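Working notes for the structure below.
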Amino acid sequence: MDDLKHGTRNRRGDWSPNEPLKVGPLLDWPWSPLRILKWLPGYFLPWNAVFMGLAATFWVWLTPARQTLQSLEPGWIAYILLRNSALIVLLYGALELRLYVKRRQGTHFKYNGKFPSDHPSDVFMFKSQNIDNIIRTFATGLPIWTAYEVLLLWAWANGYGPWTAFGDSLWWLAALALVLPLFHEAHFYCIHRLIHVPVLYKWVHSVHHNSVNPSPWSSLSMHPVEHLLYWSGTLIHILLPSHPLLVLYHLQISGTGAVIGHIGFDKIETGEDTAIDTHAYAHYLHHKYFEVNYADGMLPIDKWMGTWHDGTAEAQQRMNERFKKKKARMNS
């Protein structure tokens, strides 16, 4: 597949798409019903449909019975941790193997033309981005993800919170399922701006930003404090009427879904002339420039706050002007 039909490559070998990024139309002005209709299929497909499918599979076949969940026993807690870990190994590992180890599509559609494994760095454990990212994912990322899941499943099993059933609140639960990806993005924006406060950035978020050229294993490579904040949005399920299936869906959006912004490729080639869009460009630009695209663009929060970067030269100029003003304020 010829990636130069869809974008350009600079002298360093970095690829960028021809089309500028666009924010989601739900709250973007001028409001356009036609644009919303065109956007909706991409809201569901492929990623959110995949996350709901995984959540349903976990809920129906891979979650212990309610009676088991009523007591916090090491056995089923360890099982949940192993189940989540296995999913991440399979998904992240498959993407890493195909795109970064075997390099099946070379640098086609790759934003940064370099591969992290070719450039050891002292900022990482053992000078390896991959080893560092994997250790952080399994040492604190998956245990903290699992801790939130265990807490919420235990609360449901014991009736702590306004839990409901699809037979009693079908339309409410359907509406909640529809907005959970948007809620996740709004929550992510808030905690993301928080950890960019200088003191928190230095001691917490800089761990994640060490991966300037992210790959799939960078997705959950964070400081434990960031992990705690990142999954805190799932606590909404003990504040609003909800269902364990939606808890699992929310955890899939945030946990498994973290890989979307860190794939490092705009498209994953599936055939000679076919590919899957990753929607990774917005977050890649955040890793590249640090102070843009704190959210991923489904909601126009960055646009409202003046931190949106759509990949164009005009956006680059606006960003540079903002940086100059910030520097001038600091110098004064």
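Any read-out appearing in this document is the output of simple, stated calculations on the displayed coordinates, not a laboratory observation. The structure displayed is predicted, hence computed values, not measured ones. Heads up, the Cβs are rebuilt from the backbone with ideal geometry, glycines too, and the neighbour counts pull from every protein chain shown.
A few comments on the model shown:
- Helical runs assigned H by DSSP (4 residues or longer) give the chain a calculated mean residue ellipticity at 222 nm of -15500 deg cm²/dmol, each run adding -39500 (n - 2.57) before division by the residue total.
- Charge tally for Ile263 (other residues, Cβ to Cβ under 11 Å; Lys, Arg +1; Asp, Glu -1): 0.
- Stokes-Einstein D for the range 200-249, Kirkwood Rh over Cα pairs, 25 °C, 0.890 mPa s (µm²/s): 194 µm²/s
- Using θ = phi - 60° and Karplus 6.51 cos²θ - 1.76 cosθ + 1.60, couplings along the range 54-63 (whole Hz; Gly, Pro as x): 5, 4, 5, 4, 4, 5, 6, 10, 10, 10
- Here the chain yields Rg over Rh of 0.97, to two decimals, using C-alpha coordinates and the Kirkwood radius.
- For the range 227-294, the C-alpha radius of gyration divided by 2.2 N^0.38 Å, with N the number of residues, is 1.43.
- Dipole of the range 235-332 computed with +1 at Lys/Arg Cβ and -1 at Asp/Glu Cβ about the Cα centre; of Ser332, Thr256, Leu239, farthest Cα towards the positive end is Ser332.
- Amide H contacts under 5 Å for Gly7: Asn18, restricted to partners 5 or more places along the chain or on a different chain, H placed in the peptide plane at 1.01 Å from N.
- If the segment from Phe138 to Val197 were pulled out straight at 0.36 nm per residue, it would be longer than the present Cα-Cα gap by 18.6 nm.
- Farthest positive-ward along the chain dipole, Cα basis, beta-carbon charges - from Gly7, Met52, Phe183: Gly7
- Across the range 161-301, the volume of the C-alpha convex hull divided among the residues equals 131 Å³ per residue.
- With θ taken as phi - 60° and the Karplus curve 6.51 cos²θ - 1.76 cosθ + 1.60 applied, the whole-hertz 3J(HN,Hα) list for the range 111-124 is 5, 9, x, 8, 9, x, 5, 7, 9, x, 8, 5, 6, 9 Hz, x standing for glycine and proline.
- Cα-centred dipole magnitude for the chain, charges only on beta-carbon of K, R (+1) and D, E (-1), debye, nearest 20: 900 debye
- Nearest-ten-degree value, helix 244-254 long axis tilted from longest Cα axis of the chain: 20 degrees
- Shape call, the range 116-202: gyration tensor on alpha carbons, a/c limit 1.5: prolate
- Amide H contacts of Ala275 (H built 1.01 Å from N, under 5 Å, at least 5 apart or other chain): Thr270
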